[in-house]
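A short write-up of the structure that comes next.
The values are calculated or read from the model by the stated rules, or taken from the named source; none is laboratory data. The structure presented is a predicted model; accordingly, all values stated were derived computationally and were not measured. Cβ atoms come from the backbone with ideal geometry, glycine included; neighbour counts cover every protein chain shown.
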Amino acid sequence: MPELPEVETMCRGIRPIVGGIISSVTVPKCQFRPIQIEPKIRTIDRRLAGECVDRVSRLGKRVVVHAGKWRLVLQPKMTGLVVIDSPPDFEHVRLIIELMGSQVTRMMFWDRRGLGTVQLVTEKELVSKIAAGRLGPDALSISANDFATRLTATRRPVKVALLDQHIVAGVGNLYASEVLHVAKINPACPASQLSKPRLALLHQSMQEILTTAIAYEGSTLSDGAYRNALNNPGAYQNAHRVYDRENQLCLSCSKSQIKRIVQAQRSTFYCPNCQRR
DNA sequence: CATATGTCCTGAGAGC
DNA sequence: TGCTCTCAGGACATAT
């Protein structure tokens, strides 16, 4: 479940490709259903071959590789990884970029479940097709005021609102639970009913947790799927206070057990004592 | 328009 | 042991 911290770690991990000249972009033979790639791989290869990788950036939960006028947009979704040279295995490698003249000569998109996508677009299309109307401001840089305005515009439960990328981009299921626990806010509380001080605290908790999780290189869960670009696990899972801790004692109050509920068909974990309505 | 639900996919783990 | 079933959730499509 790569979310903002995991995707940011991937971006940082593949930065050594910057300065390299792309020699080829290919899809390896694969026993699984191919992932969604737009346009056809042959077109992508033709357009990118010979282009220099100028920069790598993150757009919400997507990795963007800048090469000349082109933007290669990699969306890991559930189990996708962007790695330099050491994927967890080779059977789930979905895309290979070969490079010349950079510190590293290969970058791969690996995806076990194959829900991830790859798109090649121009800067203009990056905005019109992907960012505009689909992605709110980035969770790391959104101001407290903007965050409060956007979040309180919906009556949905605050946990569900945090997952909506139109409102704020980058928060996913795991960090939404973590952030609400630190801010001591009940996940079922309608976003529109949050008080000013609570919104300010939520904003602060969100940015603190995401920043810390980046420093820890993200969370690797029990399935072990998430890895950084060098195939090493993250460390933030050791700092989780509620996620995947159902029936375990709350680390803050030591009085209640962590509860799991389902909201919008996703698990939410919270402490009924610390996060009262 | 706002909100809710269904869908895609593979592999891990539960239960029999 | 080996089978079948359920579940994990990001983001979009479709329904209400």
query: If we keep just the residues of the stretch A:234-259 that are in a loop (DSSP other than H, G, I, E, B) and in contact with an Asp or Glu (Cβ under 8 Å, 6 or more places away or on another chain), which is surrounded by the most Cβ atoms within 10 Å (Cβ to Cβ)?
result: A:V242
query: Only one of (1) crowded, with 20+ Cβ neighbours inside 10 Å; (2) not in a loop (DSSP other than H, G, I, E, B) fails for A:P87. Which number is that?
result: (2)
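Would you confirm, using the coordinates I've provided, whether A:G20 is surrounded by 13 or more Cβ atoms within 10 Å (Cβ to Cβ), under 23 Å from the mean Cα position of the chain (by Cα) and either assigned by TED's automatic domain parsing to the domain that holds A:L120 or basic (K, R) (or both)?
no
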- prompt: Among the residues of the stretch A:128-156, which ones are closer than 20 Å to A:L48 by Cβ and among the aliphatic types (A, V, I, L, M)?
  reply: A:I130
Count of residues meeting criterion [under 18 Å from the mean Cα position of the chain (by Cα) and within 16 Å of DNA strand C (Cβ to nearest atom)] in the stretch A:230-243: 5
- prompt: Which of the residues that make up the stretch A:67-79 are within 16 Å of DNA strand B (Cβ to nearest atom), farther than 13 Å from A:V93 by Cβ, of a type outside the set (D, E, K, R) and not in a strand (DSSP E or B)?
  reply: A:P76, A:M78
Breaking point among (1) at pLDDT below 95; (2) buried (at least 16 other Cβ atoms within 10 Å of the Cβ); (3) within 16 Å of DNA strand B (Cβ to nearest atom), for A:V82: (3)
- line: Taking the stretch A:200-221 and the residues there that are closer than 11 Å to A:A235 by Cβ and part of a loop (DSSP other than H, G, I, E, B), the one that is modelled with the lowest pLDDT would be A:T220
Failed criterion for A:E91 (all others in (1) under 30 Å from A:I209 (Cβ atoms); (2) within 16 Å of DNA strand B (Cβ to nearest atom) hold): (1)
- prompt: From the list A:V160, A:V179, which residue is closer than 16 Å to A:F269 by Cα, assigned to a helix (DSSP H, G or I) and free of Cβ contacts under 8 Å to residues at least 60 places away in the same chain?
  reply: A:V179
message: For the stretch A:193-210, check the following and say yes or no: at least one residue is within 16 Å of DNA strand B (Cβ to nearest atom) and not assigned by TED's automatic domain parsing to the domain that holds A:M108.
response: yes
task: Scan A:L199, A:L180, A:L194 and give me the residue that is within 15 Å of DNA strand C (Cβ to nearest atom) and surrounded by 16 or more Cβ atoms within 10 Å (Cβ to Cβ).
output: A:L180
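Taking A:E98, is it more than 16 Å from DNA strand C (Cβ to nearest atom), acidic (D, E) and either in the same structural domain as A:G172 (by TED's automatic domain parsing) or loosely packed, with under 14 Cβ neighbours inside 10 Å (or both)?
no
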